[in-house]
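Notes to accompany the following structure.
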Amino acid sequence: MYLGLVGVIGIALGALLRSVAGGISVLVASLLLVPGLLSLLPSAWRDHVSPYLPSNAGEAMFALHHDSGMLSPSAGLWVLLAWTALALGGAAVRMVRRDA
């Protein structure tokens, strides 16, 4: 489920940016770089923002042992579905405006 949704997000980002390389770059940056850059934020902000990133929400879906700061598996699924819907919505708007 996680990898399928990440793939759909990647396709939506490619359609949104109208570039395969741009879509892959943004997807990799959002999944790998942004969680690492959150360490630069104050801990109060980091604790509230971190669970809602796509990578951390996906991790909450399949983690065997949940920490206190993690989402529940169902909440992780809903957050990842929201990220997917947001990316697909942006791609749909972009396609309707530019290709109409």
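A few comments on the model shown:
- In the chain, Cα pairs under 8 Å separated by at least six residues give a relative contact order of 32 percent.
- Between the residues PRO54, PRO35, ALA91, the greatest Cα displacement towards the positive end of the dipole of the chain, with unit charges on the Cβ of Lys, Arg, Asp and Glu, is found for ALA91.
- Largest GNM mean-square fluctuation across LEU31, LEU81, LEU41, computed for the chain with C-alpha springs under 10 Å, falls on LEU41.
- Taken about its Cα centre, the chain carries a charge dipole of about 440 debye when Lys and Arg each add +1 at the Cβ and Asp and Glu each add -1 at the Cβ.
- Solvent-accessible heavy-atom area per residue, rounded to whole Å², over the chain at 1.4 Å: 64
- Between ILE11 and ILE24, residue separation times 0.36 nm minus the direct Cα-Cα distance comes to 3.8 nm.
- Ligands, DNA and RNA left out, the 1.4 Å accessible surface of the chain is 71% carbon and sulfur atoms.
- For the pair VAL49 and LEU33, the difference between a 0.36 nm per residue extended length and the Cα-Cα distance amounts to 4.3 nm.
- Max-minus-min Cα coordinates of region 18-58 on each principal axis give 36, 20, 14 Å, with the largest extent listed first.
- Note on surface exposure: VAL93, VAL8, VAL20 rank VAL20, VAL93, VAL8 by accessible area, highest first, 1.4 Å probe.
- Note on ALA85 and LEU41: the model spin-label points, each 7 Å out from Cα along the C-beta direction, lie 2.2 nm apart.
- Over the C-alpha trace of the chain, radius of gyration and Dmax come out as 14.6, 48 angstrom.
The values are calculated or read from the model by the stated rules, or taken from the named source; none is laboratory data. These numbers come from a predicted model, not from an experiment. Backbone-built Cβ (ideal geometry, glycine too); neighbour counts: all protein chains shown. Keep in mind that these areas ignore ligands, DNA and RNA; they rest on the heavy atoms of the full protein, side chains included. Shrake-Rupley method; radii C 1.70, N 1.55, O 1.52, S 1.80 Å.
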